[in-house]
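Reviewing the structure listed below.
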Amino acid sequence: MGNKIAAIWLLIGLSACGTTNQQVVANLQSVDNPVLAKNVILMIGDGMGLGQITAGMYANGNHLNLERFPIVGLQKTYSYNNLITDSAASATAIACGVKTYNAAIGVNKDTVPVQSILEEAEIKGLKTGLIATSTIVHATPAAFISHQPMRSMYEFIAQDLLDSGIDLFIGGGYKFFNEQRHDEKSLIPKLERKGFTVSSLTHEELEDVNLANTKKLAYFTSNDSPIPEATGRDYLPKASIIAANFLNSHKKQGFFLMIEGSQIDWGGHANDTKYITSEVIDFDKAIGKMLDFAKKDKETLVIITADHETGGFAINPKSRMDSIQGAFTSSYHTGTMVPVFAYGPGSELFSGIYENTDIYHKMRKALGFDRAPVVSQ
Ligand code: MG
Ligand code: ZN
């Protein structure tokens, strides 16, 4: 309503100045479709259902940064061929906006590649980044940058990452990029030729990377999968701040950053309550850092969601806040809806109940990607 009134005043004002019809149309378009968010930080807690969030919150003294989010929604996670999705199909739904078969990476149900929002962001001149606490070629990050018929094609996914225009990635899986590859052809010199500073240091040294002299950053936190938080992994909150500041250093373009708390899911598969709560709390620390960044920046949309629930996790009787008695109905994923939390410009799009594929469309809308280019004379 407010927009309509503003548009009418704009029309009157422009007519008085003898403005052409095309100009009026162009101005009306920008009034009706403002660019809402310059940056998007999408954070996916793999396997993070409501039970996992609740247990993490109680285990953390009845507090999570997630409570600071004003907008909460719910998304339906089922895939094209299975009511119970896997992480590849659900990540493809969120990244590319299509329901596909379980195990698909950035391809539709007919194995045809579908452009991801990260790839579209690259084309539109935004900086882009991926962070995970799994290997960086694992299903969730892979769906944003790769197009392969099967999630297990890790070395092909590594090649896709090399061929992409991504500016930063941080995660495990060095062995899929170096001479340990089956073809024994290291991708590292090629990454360096593309302008990447490549680090394969331990997580303690993460903050030692000199970002001022870094064009692009490839940071391998482990040779294979990173260790759980409970046994010493601590890079996720740190990496999230480094990435947001690094991608934001070219202020004009904006950025798209996906951060995954990968191992909440592994705690669910292992039916291990402590594994789940420690991973939720670690992920929530990174969430707090990104929310602080967005509150200061004012042009950043932060979205937190999960790809699916894992374990059919419940908080059973005899639980106390400091001692959760977890119970599980499965060692695999379940079909329950998962929550979505949003903060910042465009966050209002994320309330309600919708399909996982709608997250892709809502992010595009928030970034103004769904608009036709404004015609000006
Ligand atoms: Mg994952
Ligand atoms: Zn899983």
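Sub-7 Å Cβ pairs linking a first residue in segment 323-351 that is part of a strand (DSSP E or B) to a second residue that is open to solvent by 30 Å² or more (accessible area, probe 1.4 Å) and within 15 Å of ligand 2 (Cβ to nearest atom), at least 6 apart or interchain, are His333/Ile84; Thr334/Ile84, ordered by first then second residue.
Output the residue which, of all residues in segment 140-176 that are over 23 Å from Leu247 (Cα atoms) and open to solvent by less than 40 Å² (accessible area, probe 1.4 Å), is farthest from ligand 1 (Cβ to nearest atom). In this case the residue turns out to be Glu155. Against the criterion of being modelled with pLDDT under 95, over 22 Å from Asp265 (Cβ atoms) and not in a strand (DSSP E or B), Arg364 does not qualify. Just to be sure before I move on: is Asp86 over 16 Å from the mean Cα position of the chain (by Cα), open to solvent by less than 40 Å² (accessible area, probe 1.4 Å) and within 16 Å of ligand 2 (Cβ to nearest atom) in the structure I sent? Yes: the conditions hold for Asp86.
In segment 52-78, the residue that is farthest from Gly97 (Cα to Cα) out of those that are among the hydrophobic types (A, V, I, L, M, F, W, C) and out of contact with any strand residue (DSSP E or B) (no Cβ under 8 Å at 6 or more places or on another chain) is Ala59.
For first residues located in segment 266-285 and more than 20 Å from Phe69 (Cβ to Cβ) and part of a helix (DSSP H, G or I), partners that are open to solvent by less than 10 Å² (accessible area, probe 1.4 Å) and away from ligand 2 (no atom under 16 Å from the Cβ) and lie 6+ apart or on another chain with Cβ distances below 8 Å form the pairs Thr273/Ala55; Ile276/Ala55; Ile276/Gly56.
When you look at Gly13, is it modelled with pLDDT of 95 or more and not β-branched (Val, Ile, Thr), yes or no? No, not satisfied.
Entry remark, segment 89-134: residues being within 16 Å of ligand 2 (Cβ to nearest atom) and of a type in the set (A, V, I, L, M) number 8 in total. Scanning segment 231-273 for residues being more than 16 Å from ligand 2 (Cβ to nearest atom) and open to solvent by less than 10 Å² (accessible area, probe 1.4 Å) gives a total of 14.
Candidates in segment 89-113 are the residues that are open to solvent by less than 30 Å² (accessible area, probe 1.4 Å) and part of a loop (DSSP other than H, G, I, E, B); of these, the one that is farthest from ligand 1 (Cβ to nearest atom) is Gly97. Residues that are out of contact with any Pro (no Cβ under 9 Å at 6 or more places or on another chain), farther than 27 Å from Val98 by Cα and away from ligand 2 (no atom under 16 Å from the Cβ) within segment 295-317 comprise Lys295, Lys296, Asp297, Ala314, Ile315, Asn316, Pro317, listed in sequence order.
Looking across segment 350-374, the residues that are crowded, with 22+ Cβ neighbours inside 10 Å and of a type in the set (A, V, I, L, M) come down to Ile359, Met363, Ala366, Leu367. If the condition is being touching a Phe, Trp or Tyr at 6+ places or on another chain (Cβ under 8 Å) and either surrounded by fewer than 16 Cβ atoms within 10 Å (Cβ to Cβ) or closer than 19 Å to Val280 by Cα (or both), then segment 298-314 contributes Val302, Ile303, Ile304, Thr305, Thr310, Gly311, Gly312, Phe313, Ala314.
The values are calculated or read from the model by the stated rules, or taken from the named source; none is laboratory data. This one's a predicted model, so the numbers in the text were calculated from it and none came from an experiment. Virtual Cβ from ideal backbone geometry, glycine too; neighbours counted across all protein chains shown. Accessible surface areas use protein heavy atoms only, side chains included; no ligands, DNA or RNA. Shrake-Rupley method; radii C 1.70, N 1.55, O 1.52, S 1.80 Å.
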